[in-house]
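One structure is given below, encoded as structure tokens.
Just so you know, all these numbers are worked out from the coordinates, no wet-lab data involved. Since this is a predicted model, take the numbers as computed values, not measurements. Neighbour counts run over all protein chains shown; Cβ positions are idealised from the backbone, glycine included.
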DNA sequence: ACCTGAACACCGTTCAAGT
DNA sequence: ACCTGAACACCGTTCAAGT
């Protein structure tokens, strides 16, 4: 009774689609474009309105709030994730491909990383992915709650690994000077000889490659661990 | 050369601490308090100024930007994480306790979940934790880059699991009506019989307990997987 | 049914001016 | 050395008014 009322775009009837004027899809498409180009903080209702050559506040007829618009844009990102058919390649390969795919999608839309901690993923695309992931883990042999646990575990790993990556990309820019970066981190790590040992390794010469290796290492560990759950 | 200049509070000399007037520590403490109470969007420089009974813009003498202040507050959160001594309890227990601790810290400061994807963790507290985690994984037997891979993997898992938890807590409030929630999710999952099967399980009667179980399931899997890396 | 502009209550940040 | 207030360029959102 005392609980906050739960609201989400997905739980309200959308306005009937009519031909004239703008459409929700058009707005969401433009929003995603803007988010990709300018990031989460670069999207404003006013600027988006202008981009669609509409008055500053016209969008409010299609969308109740900016947060709702973000929910819609967020689900578009989920729509880019594909779950390979586990019956054709086996669940491990399927899970592995999915994980790499999810990472790439988030790296392509870094603003989505900020939304993972802010909006529940209840859109149709997110549901579709969740549904297919459940099928995958069922095919692997999981039963009951373990299906969802395995699902949550894999998703958590992928996002947990990728979210901080977007933070680095954001502060450092895509290309930067490896020496400057090394120096910066070395300075931050001063007083921790163990950390410095790490920094003097060649990590920073090709951080992209290093991240891939790190991602693969963790992914294999994760899948090994899940496989072990099946044995017990 | 073309790279964006890398900036962070931690790479600039702090202003010399002097006795009179306000201090950076005082400001950061007040900021954390405000963030805990009102969330990330509830913190404004103006309101924080008022809380310290200072003029709206006085804080800018201690801190260059709001983002810098957030970097400082973020590191305070890292300061609450404790890494048990792996020599006393063994690395698995150490890692497990650390993981649970990290999760609790983030749940206590939900705004920090939003910052993980936005700010690199370069503060002294974050460095301290990273340093101690490296020692833990060294004690476990990892060598070379694998030390950092294992580190990244565990951290990713914990944050990846916890970040969406804060999103749920935020939209649903701490206490809510389980039936309303079940109905909401059921509606979102309409058309995916597999998902519905899940919803009709008793998950939602005690979601806190369910999340704990989920977290433990993934954590054990993760640690099993890491242990397997040691064997090879 | 759809769109507009003005208006409200906010933001972060700069900067000349004060003590 | 520290603090202030006014000012600039923004926000999201509401709402009466237009077509």
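Computed quantities for the displayed model
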{"read-out": "Shortest-first distances to equivalent copies, position residue A:41, nm, label 7 Å out along Cβ", "value": "1.7"}
{"read-out": "Exercise: per-residue mean of other protein chain Cβ atoms within 10 Å, B:37-47", "value": "0"}
{"read-out": "Burial ranking of peptide ranges B:214-222, B:102-110 (average Cβ count within 10 Å, highest at the top)", "value": "B:214-222, B:102-110"}
{"read-out": "Dimensionless Rg/Rh of segment A:119-232 - Kirkwood Rh, Rg from C-alpha atoms", "value": "1.10"}
{"read-out": "Copies compared at residue B:231 - label distances in nm, ascending, label defined 7 Å from Cα in the Cβ direction", "value": "0.5"}
{"read-out": "Average beta carbon contacts from partner chains per residue of B:107-118, 10 Å cutoff", "value": "5"}
{"read-out": "Averaged over B:142-153, number of beta-carbon atoms from partner chains that fall within 10 Å", "value": "5"}
{"read-out": "Compactness index (Cα Rg / 2.2 N^0.38 Å), segment B:42-179", "value": "1.25"}
{"read-out": "For segment B:144-195: Kirkwood Rh in Å [reciprocal of mean 1/r, alpha carbons]", "value": "13.8"}
{"read-out": "Separation of the residue B:93 and residue B:177 label points, Cα + 7 Å toward Cβ, nm", "value": "4.7"}
{"read-out": "Whole-Å semi-axes of chain B's equivalent ellipsoid (Cα gyration tensor)", "value": "35, 28, 15"}
{"read-out": "Extension gain from residue A:50 to residue A:100, taking 0.36 nm per residue of separation minus the Cα-Cα distance", "value": "14.4 nm"}
{"read-out": "Position residue A:205, label points 7 Å along Cα→Cβ, spacing to each other copy in nm (shortest first, one decimal)", "value": "5.9"}
{"read-out": "Reciprocal mean inverse distance between Cα atoms of the protein assembly as shown - Kirkwood radius, Å", "value": "23.6"}
